[in-house]
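Please read the structure below before turning to the comments.
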Amino acid sequence: MLFREGEKAARLSAFVLLALSILKGIVAVLSGSIALLADTIHSFSDIFSSIAVWAGLKLIQKKPSEKFPYGYYKAETFSLLTVSLIITVSGALILKESTDQLFEPKGVSFPVLALTTAGLSALVSYVLARIKGKTGLKIGSQSLISEGQHSLVDVYTSLLVVAGVLISQYGYFVAQVLVGLAIGVYVVKVGLWFGKDSVLVLMDACLSPQKAKEIREIAESVHGVKGVHNIRLRKSGPVSFGEMEIELQDDLPLNKAHMISEEIETKIRKQLKDIESITIHMGPAVKERIKIAIPVLEDKRLESMTALHFGKAPYFAFVVIEKGQIERVYIRVNKAAGMTQKKGIAVSHLILDQKVDVLLAGGVGEGPFHVLRDSSVQIYYLPKSVEIREAVYMLNQGILDRMVSPTQNHEKDSRQ
Ligand SMILES: [Zn+2]
């Protein structure tokens, strides 16, 4: 239970900050140091950010329920928004208290006590920064790591108080006021920054274009993926949910398609740890340019009549279609036509050499059927002998049926 450790660190931080702000508050009132008062308000508002981190870590461990199927992650964002309000208001309060004294700065009573308290505060902040930073790294919690960095800045604000009190001992009372103002500006900035961050998350803004790019690269690297589109990510507290579309070969069996999407998801979750889930929509790849092979009886370009028998056809026509229009036609002699053995396989390889996407034929025997299908050539059944132009038209109109199994006894059936 790693997150428990993070919870413990955040809870410790909240309690220590509470004790520290009470101590600083008492000394600030006793000494009348405006710089120490500013830092007290600051520490007090910091309690809430520790509580928010603690709540976030607690919520990550809560399993999604029927009522909250996406988990409780957004509660962290929500609490961060509340915290940002508290912090911003505290910053404004610090600024007000400091400006009130700007034109009549006061000195410090009990300077040694004030200095010791500010020094102790710096030391405590440093220890808290170390604990939160180390635990954050160990459990991989970004919010805890940020909290650690925040506490490190708190060390400097307390040191500023030390400097302000020291300088005011030499009669430059305004130094304290300036420290108060600096702390006020810093606290307002932190508050607004938290606020902006949480509003963006609540609005499902795209916060990491870089992550989307990485996801695209992972998906494209998976064998069988022909295209990747519409990657969308949204943050939910400490985790992200995503959606994407992929293009696959259109006659891929469902189990293979599913395997591909599983592989993508596994790789993404392995590389990007904060992705809670990614939904992958699968669709057929749309090719704008395809090449069709058609067995033909003669070499009369688009007017050539198609041959119903695949292996014995004297010629093969190759038609390139771009966006539904015939762009190019060329005809090759079927050198395998006269072979007595394995003719079908030899013809299949002639076709594959031309990098064909689609074959139109009256029948295709078992051997060539599998050779072509394994190379992702789509085979359509052409029921009668027609001109090439007509055959392509039929294909474009979606009239032709896909051949899903080899033609039985097609040697006998073929009429040439
Ligand atoms: Zn702080």
Please determine, by comparing only the residues of segment 132-147 that are crowded, with 19+ Cβ neighbours inside 10 Å and modelled with pLDDT of 90 or more, which one is farthest from the ligand (Cβ to nearest atom).
135
Which residue pairs have Cβ atoms closer than 9 Å, lie 6 or more positions apart in sequence or on different chains, and pair a first residue in segment 289-309 that is in the same structural domain as residue 393 (by TED's automatic domain parsing) and in a loop (DSSP other than H, G, I, E, B) with a second residue that is open to solvent by 50 Å² or more (accessible area, probe 1.4 Å) and among the basic types (Lys, Arg)?
308/384; 308/415
I'd like to know if segment 164-178 contains one or more residues that are exposed (fewer than 15 other Cβ atoms within 10 Å of the Cβ), away from the ligand (no atom under 16 Å from the Cβ), of a type outside the set (Ser, Thr, Tyr) and within 36 Å of the chain's Cα centre (by Cα).
no
Looking only at segment 220-244, which residues are under 29 Å from residue 61 (Cα atoms), without any contact (Cβ under 8 Å) to a residue 60 or more places away in the chain and hydrophobic (A, V, I, L, M, F, W, C)?
231, 233, 244
Within segment 217-227, does at least one residue satisfy the condition of being open to solvent by 30 Å² or more (accessible area, probe 1.4 Å), basic (Lys, Arg) and either modelled with pLDDT under 90 or within 11 Å of the chain's Cα centre (by Cα) (or both)?
yes
Which pairs turn up if I take residues in segment 26-48 that are without any contact (Cβ under 8 Å) to a residue 24 or more places away in the chain and look for partners that are open to solvent by less than 30 Å² (accessible area, probe 1.4 Å) and among the basic types (Lys, Arg) with beta carbon separation below 7 Å, at least 6 apart in sequence or on another chain?
40/24
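The values are calculated or read from the model by the stated rules, or taken from the named source; none is laboratory data. Keep in mind that this is a model prediction, so the values were computed, not measured. Here the Cβ is made from the backbone with ideal geometry for all residues, glycine too, and neighbour counts use every protein chain on show. We work out accessible area using only protein heavy atoms, side chains counted, and drop any ligands, DNA or RNA first. Shrake-Rupley method; radii C 1.70, N 1.55, O 1.52, S 1.80 Å.
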